[in-house]
Amino acid sequence: MEFEAFKKVAATVLGMDPDEIEMDMTFLTDLGADSLDLYQIFVGVEEETGLQIPTEGLDKITTVREAVKWIQKARSPL
C-alpha cells in the first residue's frame, strides 16, 4: 500500500508514469529528484494516506525502498 501511494505521488511530482518507478531506484541518479522533490513527495503521501510523516532525516533517504520503509515506519511507530 505504501509503495503504491508513493508511486502515485512521486509520478505526479516528477512528471512520469507510476509504472516506471521501482523500489531500487535512487532519487538523484535514476529519478532526477532533489531534496525539494522528495519533500513534496512526502507531503503528497501524507495527504494521500492521512499519515503524519516526520520530515527530519528525509535528506538521508536515497532510494525508493528507503522512502517506502520511512512511510511504513510512520504507519506503525514503535
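Please treat every number below as a calculation from the coordinates, not as lab data. Just so it is clear, the model here is predicted, and its values are computed rather than measured. Cβ atoms come from the backbone with ideal geometry, glycine included; neighbour counts cover every protein chain shown.
Using alpha carbon coordinates only, what is the Rg to Rh ratio of region 2-75, with Rh defined as the Kirkwood radius?
Using only Cα positions, Rg/Rh for region 2-75 is 0.90.
Suppose every K and R has +1 on its Cβ and every D and E has -1 on its Cβ; what is the size of the dipole of region 2-75 about the Cα centre, in Debye to the nearest 20?
300 debye
Please give me, ordered by residue number, the GluC sites (Glu not before Pro) of region 36-78 that lie in loop per DSSP and have at most 14 other Cβ atoms within 10 Å.
The qualifying sites are Glu56.
If I stretch the segment between Ser35 and Glu66 completely, what's the gain in nm (0.36 nm per residue apart, minus their alpha carbon distance), one decimal?
9.7 nm
Give me the number: length gained by fully extending Asp19 to Lys73, i.e. 0.36 nm times residue separation minus the C-alpha to C-alpha distance, one decimal in nm.
17.1 nm
Mean residue ellipticity at 222 nm from the helices of the chain, using -39,500 (n - 2.57) per DSSP H segment of n ≥ 4 over the full residue count, to the nearest 500 deg cm²/dmol?
Result for the chain, helices only: -16500 deg cm²/dmol.
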